[in-house]
Amino acid sequence: MFNNFIEHININYSFLGESNLLIAISGGIDSVVLAHLCKSLNYKFALAHCNFNLRGEESNEDEYFVIELAEQLDVEVFVENFDTEAYAKEKKLSIQMAARELRYNWFDELSNQLEFDYVLTAHHADDNLETFLINFLRGTGINGLTGIPKYKDKYVRPLLDFSREEIEAYAKEHHIKWREDSSNSSRKYLRNKLRHEVVPILKEINPELLKSFQNTLSYLNDTADIVEESLNAVAKRGIVDIDENGIIYKVSEFKKVNNSKAYLFEMFKDFGFTEWNDVVNLLGAESGKYVTSNTHKLTKHREFLILTDCHSELVSESRTVALSAVEVENEVFNTQIGQLIFSDVDSKSENQKHVIYIDKYKLQYPLEFRQWKTGDIFYPLEMKGKKKLSKYLKDEKLTPFEKENTYVLTSEDKIIWVVGMRADDRFKVTKTTNQVLKIELRK
């Protein structure tokens, strides 16, 4: 295996030889063999071990083993202890997902702080097959069937082309010691069930299973490249705007393609949506209809789909703020949409969207800065009579996101200003005005 490993590294990972590496090590056979291989190649590396405190004294013994291994290899070692069960409960995750999140968050933090170029993990060919089967059983798109990436960002997996059998043979040949994780024999986890009960049968049917699987992955990755190219073309034509508020897509571009559902799935799958028929139905829905996931919202607005982050759209009473006369005199007030700047001036200029001039003595304190609500009315400056604010916003053709982030400044619940849009006629400067107050929204 060693000669094959050297050849594999020279062809695919030659950049590792001049890099500062961090090896994720559990104490199990795969990561221990990886550490020994890197030592044999005289790589510059350190070890990083997570103690998840899930198996009592066994977890601590894994930690001691890794520390001793670091001394044996004469490399630095970093160890972090986690209360995984508490984290899983807090984040409402499975133990496995909690451990994964804790592990990778720590690796990211460690590699960034100490300037490691790459983090090496010991995933191998059997892991890749198991991951493929898990994704297949749970249901996935083509990307879920393309296997574990050989490298992504700073994470590199140099053992991915080698089987568990090859790794074990190398360890025994070189008298390498490792730790056995007792939980690996448990059948309660899907991965273990596949490993111990399903994969052996598949290998019995096809002794060249892993080789066949590698060929299949190669074909699927080629197909995924074609899909990605097609998706990028649709996205390039379909995306109208991207900013901190969200992404706006043309509905027409999804209607043009042969399989709208497939394109919508690939385009929005990473945003947590699951009800794909509802997403497809948005293409023909009336304006204002939407579909939500746990994290995002997809809204039909005229001829567009608007993708926004749910968390940025939460509305609460805490977003209503009272402003006393003293605070207004202090001139500057920070809001969710920018700074409100109050200043006394000698005369008025022309009102603009982000600057208005009002009669200061018409105000009754405290003023309120809040989100608009259903039932609000105001008297638009330079227009006759009153108007429902909901109708005004509709006439202005605001997107749903813009509507939900529209604020008003009020006095005794009378709207002074639809902030950043239009002043109210009741507070305008007249010939009898003694003091002009300028209010500016500065973003």
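Scanning the range 5-14 for residues that are out of contact with any Asp or Glu (no Cβ under 7 Å at 6 or more places or on another chain) and either in contact (Cβ under 8 Å) with a residue 60 or more places away in the chain or surrounded by 13 or more Cβ atoms within 10 Å (Cβ to Cβ) (or both) yields PHE5, ILE6, ILE9, ASN12, TYR13. All of GLU180, GLU173 fail the test of being more than 33 Å from the chain's Cα centre (by Cα), closer than 29 Å to GLU109 by Cα, surrounded by fewer than 17 Cβ atoms within 10 Å (Cβ to Cβ) and of a type outside the set (A, V, I, L, M, F, W, C), apart from GLU180.
Residues satisfying the criterion are absent from the range 237-255 (criterion: out of contact with any helix residue (DSSP H, G or I) (no Cβ under 6 Å at 6 or more places or on another chain), within 23 Å of THR140 (Cβ to Cβ) and either open to solvent by 80 Å² or more (accessible area, probe 1.4 Å) or free of Cβ contacts under 8 Å to residues at least 60 places away in the same chain (or both)). For the range 364-376, the set of residues classified as surrounded by fewer than 15 Cβ atoms within 10 Å (Cβ to Cβ) and within 27 Å of SER324 (Cβ to Cβ) consists of GLN364, TYR365, LYS373, GLY375, listed by residue number.
In the list LEU102, LEU21, which residue meets the criterion of being within 22 Å of LEU159 (Cα to Cα), in contact with a Cys (Cβ under 9 Å, 6 or more places away or on another chain) and of a type in the set (A, V, I, L, M)? After applying the criteria, what remains is LEU21.
Just the residues that are assigned to a helix (DSSP H, G or I) and either more than 13 Å from THR140 (Cα to Cα) or at pLDDT 90 or above (or both), please, taken from the range 266-295. I'd like the intermediate steps shown before the answer.
Just the residues of the range 266-295 that are assigned to a helix (DSSP H, G or I), to begin with: 266-271, 276-284.
Passing the criteria: MET267, PHE268, PHE271, TRP276, ASN277, ASP278, VAL279, VAL280, ASN281, LEU282, LEU283, GLY284.
Which residue is nearest to the chain's Cα centre (by Cα), if the candidates are limited to the range 84-113 and must be open to solvent by 20 Å² or more (accessible area, probe 1.4 Å) and touching a residue at least 60 places away in the same chain (Cβ under 8 Å)? Looking at residues that are open to solvent by 20 Å² or more (accessible area, probe 1.4 Å) and touching a residue at least 60 places away in the same chain (Cβ under 8 Å), I get ARG103. Once the range 305-354 is narrowed to residues that are open to solvent by 60 Å² or more (accessible area, probe 1.4 Å), hydrophobic (A, V, I, L, M, F, W, C) and more than 23 Å from the chain's Cα centre (by Cα), the residue that is modelled with the highest pLDDT is VAL332.
Residues that are closer than 19 Å to TRP106 by Cα and either modelled with pLDDT of 95 or more or among the β-branched types (Val, Ile, Thr) (or both): does the range 36-45 have at least one? Show your work before the answer.
Taking the range 36-45 as the starting set, the residues that turn out to be closer than 19 Å to TRP106 by Cα are 45.
Okay, now just the ones that are also either modelled with pLDDT of 95 or more or among the β-branched types (Val, Ile, Thr) (or both), so 45.
Within the range 36-45 (the criterion being closer than 19 Å to TRP106 by Cα and either modelled with pLDDT of 95 or more or among the β-branched types (Val, Ile, Thr) (or both)), the answer is yes, since at least one residue qualifies.
Applying a threshold of 6 Å to beta carbon distances and a minimum spacing of six or more residues, or different chains, the list of pairs starting in the range 343-357 at a residue that is more than 17 Å from PHE333 (Cβ to Cβ) and ending at one that is part of a loop (DSSP other than H, G, I, E, B) and open to solvent by 80 Å² or more (accessible area, probe 1.4 Å) reads TYR357/LYS348. Against the conditions (1) assigned to a loop (DSSP other than H, G, I, E, B); (2) open to solvent by less than 50 Å² (accessible area, probe 1.4 Å); (3) more than 24 Å from ILE25 (Cβ to Cβ), PRO207 satisfies every one except (2).
Residues in the range 417-432 that are closer than 15 Å to GLN352 by Cβ and β-branched (Val, Ile, Thr) were compared, and the one that is most open to solvent (accessible area, probe 1.4 Å) is VAL429. Being modelled with pLDDT under 90 and either on the phi > 0 side of the Ramachandran plot or open to solvent by less than 30 Å² (accessible area, probe 1.4 Å) (or both) holds for only one residue in LYS384, LYS397, LYS443, and it is LYS397.
Residue under question is GLU61, and the condition is that it be farther than 22 Å from LEU159 by Cβ, in a helix (DSSP H, G or I) and free of Cβ contacts under 8 Å to residues at least 40 places away in the same chain; does it hold?
Values: farther than 22 Å from LEU159 by Cβ: yes; in a helix (DSSP H, G or I): yes; free of Cβ contacts under 8 Å to residues at least 40 places away in the same chain: no.
No: the conditions fail for GLU61.
Given the structure, is ASP117 buried (at least 18 other Cβ atoms within 10 Å of the Cβ), of a type in the set (D, E, K, R) and in contact with a Lys or Arg (Cβ under 8 Å, 6 or more places away or on another chain)? No, not satisfied.
For the range 21-35, filtered to residues that are within 17 Å of TRP106 (Cα to Cα) and in contact with a Phe, Trp or Tyr (Cβ under 8 Å, 6 or more places away or on another chain), the residue that is surrounded by the fewest Cβ atoms within 10 Å (Cβ to Cβ) is LEU21.
So that you can scan it fast, the table gives a plain yes or no per residue for (1) surrounded by 15 or more Cβ atoms within 10 Å (Cβ to Cβ); (2) closer than 13 Å to ASP30 by Cβ:
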site: HIS124; (1), (2): yes, yes
site: THR140; (1), (2): no, no
site: LEU145; (1), (2): yes, no
site: LYS152; (1), (2): no, no
site: LEU194; (1), (2): yes, no
site: SER212; (1), (2): no, no
site: ASP222; (1), (2): no, no
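The values are calculated or read from the model by the stated rules, or taken from the named source; none is laboratory data. Keep in mind that this is a model prediction, so the values were computed, not measured. Quick reminder, even Gly has a Cβ in these numbers, built from the backbone with ideal geometry, and neighbours come from all protein chains shown. Note: accessible area is taken over every heavy atom of the protein model, side chains too, but ligands, DNA and RNA are not part of it. Shrake-Rupley method; radii C 1.70, N 1.55, O 1.52, S 1.80 Å.
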